[in-house]
Amino acid sequence: MPFKKNFYILISLFLLLLSCKKVELEKWERKLYAYCILNPKEKFVTCIVDSNYSIEKEVKSKGIADAKVFIINEERKDTLNLYYYDSLYQGINNNFLKPLNTYSLYVIFQKDTLTKKTKIPDTFSFIFPKDKDTISYDNLNYFYWKRSKGAFAYALFIFKLPKDSLSDYFPLLTKDTFLDMRNIKEGLFETASFYELKVYAWDYNRYQWVVKRGELDTLYKGLGHFSSQTNDSIVIFLKK
């Protein structure tokens, strides 16, 4: 009898563990997921919509083809409809995206609706260096750019040209309009070469998404990411 009783207890515990695992999977796999970043400098507005997403592994999918996806300019009440094409929803910007305007994303599929707002940061430009400047390595101490109204943070990317792989590059984050390069330039500028400097002004949503990579933005009744950014880029030659 004790053995039989213990056996049933073990079976119950095993079934309980299975049910917990199922709940854990459901926590990260949701019916509707959307990913969209607005940039007024981009020709197209693009949104990924899918029904199966996991933060633990890449899910290869053509996405949902029959969702209704549109973006509303809250100031002007204009609407841009995005249409499905080759696994993405796209629409032509055509001056629809304007800095310092607020936009709402709507993704509707069956009985689910995802929505979220973002306010696009203002455009800006580099102060130092300037495009096509030649800079001595010893004089490379700071990068400056103009303030972008509405930006929560800035992200600077440095690409050695020609680019071989974007996967090796990571952003330098700051909430100021400059970066002190004196203590980090040795690992970023290995040789004399042309380099592309690209700085992004991020809204709060974009910053949170990148800083908390293991977490997903929660859109209303779903998961995903909706944010905005503006950017400026220059090419310099660094001599040693």
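Throughout, read-outs are computed from the coordinates displayed, never taken from laboratory work. If you're wondering where the values come from, they're calculated on a predicted model, not measured in any experiment. FYI the Cβ positions are ideal-geometry reconstructions off the backbone, even for glycines, and counts take in every protein chain you see.
Once phi is turned into θ = phi - 60°, what whole-Hz ³J(HN,Hα) does the Karplus curve with 6.51, -1.76 and 1.60 give for every residue of the stretch 217-233, x standing for Gly and Pro?
Rounded to whole hertz, the list is 4, 9, 7, 4, 6, x, 10, x, 8, 9, 8, 8, 7, 10, 8, 9, 9.
Exactly which trypsin sites (Lys or Arg not before Pro) in the stretch 72-179 are in a DSSP loop and have at most 15 other Cβ atoms within 10 Å?
Details: sites: ARG76, LYS77, LYS111, LYS116, LYS117, LYS119, LYS130, LYS132, LYS146, ARG147, LYS149, LYS160, LYS163, LYS175; in loops: ARG76, LYS77, LYS111, LYS130, LYS132, LYS146, ARG147, LYS149, LYS163, LYS175.
Answer in residue order: ARG76, LYS77, LYS111, LYS130, LYS132, LYS146, ARG147, LYS149, LYS163, LYS175.
Which cross-chain or sequence-distant (5 or more) residues have an amide H under 5 Å from the amide H of ASP203, H modelled 1.01 Å from N in plane?
Here PHE152, SER228 satisfy the definition.
What pairs from LYS62/LYS221; LYS43/LYS132; LYS41/LYS149; LYS146/LYS198 go past 19 Å between their alpha carbons?
Working: LYS62/LYS221 22 Å; LYS43/LYS132 25 Å; LYS41/LYS149 16 Å; LYS146/LYS198 13 Å.
Pairs exceeding 19 Å: LYS62/LYS221; LYS43/LYS132.
Between LEU88 and PHE170, 0.36 nm times their residue separation minus their Cα-Cα distance comes to what?
The LEU88-PHE170 span can extend by a further 27.0 nm.
Counting other Cβ atoms within 10 Å, which GluC sites (Glu not before Pro) in the stretch 120-220 have at most 11 and lie in a DSSP loop? Spell out each step's value before the answer.
Working: sites: GLU186, GLU190, GLU196, GLU215; in loops: GLU190, GLU215.
Sparse-neighbourhood loop GluC sites (Glu not before Pro): GLU190, GLU215.
Once amide H atoms are built 1.01 Å from N in the peptide plane, which residues 5 or more positions from LEU82, or in another chain, come under 5 Å H to H?
Here the answer is VAL69, PHE70, ILE71, since their amide H atoms fall under 5 Å of that of LEU82.
Which length gain, in nm to one decimal place, applies between LYS132 and PHE237 when the Cα-Cα distance is subtracted from 0.36 nm times their residue separation? Walk me through the numbers on the way to the answer.
On the way: separation 105, 0.36 × 105 = 37.80 nm, distance 0.70 nm.
In short, 37.1 nm is gained.
Can you give me the long-range amide H partners of ILE127? Hydrogens built in the peptide plane at 1.01 Å from N, cutoff under 5 Å, separation of 5 or more residues or another chain.
Distant-sequence amide H within range of ILE127: TYR144, TRP145, LYS146.
Across the Cα atoms of the stretch 172-240, what radius of gyration and what greatest pairwise Cα-Cα distance (Dmax) are found, in Å?
Spelled out, the Cα radius of gyration and Dmax of the stretch 172-240 are 16.2, 54 Å.
Report the FRET efficiency, 1/(1 + (r/R0)^6), for ASN141 and LYS41, where r is their Cβ-Cβ distance and R0 is 25 Å, rounded to 0.05. Before the final figure, lay out each step's value.
Values: r = 28 Å, r/R0 = 1.14.
With R0 = 25 Å, the Cβ-Cβ based efficiency is 0.30.
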